[in-house]
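Data first, discussion second: the structure below is written as structure tokens.
Derivation of every value follows stated rules applied to the coordinates shown; laboratory data play no part. Predicted model, so just to flag it, every value in this text is computed and none were measured. Neighbour counts are summed over all protein chains in view; Cβ atoms, including those assigned to glycine, are modelled from backbone coordinates with ideal geometry.
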Amino acid sequence: MSTTEEKEQTAGEQGGEHGPEEATHEPVKPGAWRFLIPIVAFGAGFVSLLVLGWVIFPHLLYGEKQQPVDFSHVVHQEAVDEGCESCHFFREDGSFSGIPKLENCVQCHEEPMGESSEEAKFIAEYVEPGKEIPWHVYARQPQCAFFSHAAHVKMAELECAKCHGPVGDSDHARPYQYNRLTKYSRDIWGWNIAGFKKKTADRMKMDDCAECHEESKGHKDACFVCHK
Amino acid sequence: MKEVHHKGHGNEHHKGHGRTYKYGMVIDLDKCTGCGACMVACMAENNLPFRKDNTNDRLTQNFWMRVYKISNGRPFPDSEICYIPRPCQHCEGYDHHHHTPCVSVCPATATDYSHETGIVSQIYTRCFGCRYCMAACPYHVRVFNWWDPKWPKGMNKYLNPDVSVRMRGVVEKCSFCYHRLQRARNKAYVEGRREVHEDEYQTACTQACPAGAVTFGDLINPKHKVYKLKDSPYAFRLLEKLGTNPKVYYVSTKDWVRKAGKVFLGNEGRG
């Protein structure tokens, strides 16, 4: 018997006995609970679809990779003098070095400096063969976007953490997630699957750039300011 | 969108952060030999693909900078020719009514006029290829990508990383090498300057011209060369009567060239 028929039958029985029931205050007959079946079925479907959308779908959409070396910013922050710019520096022509190349690492790490197993692995796998580390870049923007670190860090004097979050305080490299369809880092869309953000560093979409430009400059700026 | 354009505009020249520029070009047609170095330099700089058969075919070949040849149509010995290099004219329109022809018709807001630099942009990821702008542009500046770009094997390593490669189905055009301005600004910012020197921002065609016919700079900055050159009595702009207010000026001492460039009919011309 299908659920609909059940429902009709239940409704019919109830309708027929409604009057006397109310008048005599007799206890509810066994079997009247059947009207719950469609509600429970709907609830179960609703909840399972919510789980599918909010828990399983992100796993389908986003792939996850571990960084090749578990890098600790905390350890390095203590060892360097000039903060972030010790390794992430500006070149003379105004371009930004971004993630350091192996040659920067080798300046200190030709020999192991500590006893960490990650460092030993890093030296054996990358320093000795002279191989660049294939870092996954959390903040890599699409190719049509132009971003000037000089304008933001040197001229507007923004903190790195304003866009990148407190990366400098991380003791381990967090997993890198990427959208399987677009191949962009999940940091661009933001880690909240609904796209909500609480802090400026939670999302790196065009709207987030425009929001800050509008606040600080009074207008969103022309297209070519950020596009190439 | 329109209100946004109005903001930040006005007589803010020499006011630091809100300073505006009008980048433009003065091309001396008396010096131009028609060698085409500007076209080649532009293609190399801006990642324009080329094909084996480089005939004048708009289906297969795109140019951002194009050299046109005109003649006075007279028989020898009076015949004369003139080459007209034509980049995007970066039309401003008069009284800031946003009458840049291509910008006003774009349904996707894929192109806009920057009141800060006076440069008309083209955002390839936003363009969906309706080609209204091509119809609207009186200078035939805009070109459509009928094909995905292809380069000879290995040549993709020589692409300019500062310029996006365009896909099939979008419109593209000269950007006055805007990426060069961005690069120059980066350098200025790192050195603690806001202003970019005249020689730091020059377009590829300007630098490539062996005859020195192309001059590029800020049209409203008296220190820049273009400031004086554009006021030459021999200066004119293409199709001036349309009211597009372009930022590319041409200089020619030849009367017939000036007349041809303006394309006035009958008594319309005023000099």
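So what is the relative contact order of chain A, in percent, for Cα pairs below 8 Å that sit 6 or more residues apart? Reported as a whole number, the value is 22 percent. Across peptide A:150-156, the average count of Cβ atoms from other chains found within 10 Å of a residue's Cβ is 5. Only Cα pairs under 8 Å and 6+ residues apart enter the sum, and on that basis the relative contact order of chain B stands at 26 percent. Value of Rg to Rh for the range B:104-202, rounded to two decimals, is 1.02; Kirkwood radius and Rg both from alpha-carbon coordinates. Across the range B:212-226, rounded Karplus estimates of 3J(HN,Hα) from the backbone phi angles (6.51 cos²θ - 1.76 cosθ + 1.60, θ = phi - 60°) give x, 7, 9, 10, 10, x, 8, 5, 10, 9, x, 7, 8, 4, 5 Hz, Gly and Pro being marked x. For helix A:3-24, report the angle its Cα long axis makes with the longest principal axis of the Cα atoms of chain A; keep it between 0 and 90° and round to the nearest 10°. With rounding to tens, the tilt is 50 degrees. With contacts taken as Cα pairs under 8 Å at a separation of at least 6 residues, the range A:138-225 carries a relative contact order of 26 percent. Divide the volume of the convex hull around the Cα atoms of the range B:2-262 by the residue count and you get 145 Å³ per residue.
Report, to one decimal in Å, the Kirkwood hydrodynamic radius for the protein assembly as shown based on all distinct Cα pairs. In the protein assembly as shown this quantity evaluates to 27.7 Å.
Once the Cβ-Cβ distance of B:ASP231 and B:ILE81 is raised to the sixth power relative to R0 = 22 Å, the FRET efficiency obtained is 0.25. Rounded to the nearest 500, the 222 nm mean residue ellipticity of chain A from helices alone is -10500 deg cm²/dmol, with -39,500 (n - 2.57) taken per DSSP H run of at least 4 residues. Partner aspartates and glutamates whose Cα lies under 18 Å from the Cα of B:LYS228, excluding those fewer than 8 positions away in the same chain, are identified as B:ASP28, B:ASP30, B:GLU198, B:ASP199, B:ASP218. Compared with the rule-of-thumb size 2.2 N^0.38 Å for a compact globular protein, the range B:149-271 has a Cα radius of gyration ratio of 1.35. Across all Cα atoms of chain A, the radius of gyration (one decimal) and Dmax (whole number) stand at 29.1, 94 Å.
Kindly express, to the nearest 10 degrees and within the range 0 to 90, the angle between helix A:206-217's C-alpha long axis and the longest C-alpha principal axis of chain A. Approximately 60 degrees, to the nearest ten.
Taking the charge dipole of the range A:22-175 about its Cα centre, with +1 at Lys and Arg Cβ atoms and -1 at Asp and Glu Cβ atoms, the residue from A:ALA145, A:SER116, A:ILE133 reaching farthest to the positive side is A:ALA145.
Computed over the range A:138-225, the quotient of the alpha carbon radius of gyration and 2.2 N^0.38 Å is 1.13. Put simply, the amide H of B:TYR249, placed in the peptide plane, has neighbours under 5 Å in B:MET25, B:VAL26, B:ILE27, leaving out anything fewer than 5 places away on its chain. Assuming R0 = 41 Å, can you tell me the calculated FRET efficiency for the pair A:GLU211 and B:HIS197, based on Cβ-Cβ distance, to the nearest 0.05? The computed FRET efficiency comes out at 0.80.
Between 0 and 90 degrees, rounded to the nearest ten: what's the tilt of helix A:36-51 against the longest Cα principal axis of chain A? The answer is roughly 10 degrees.
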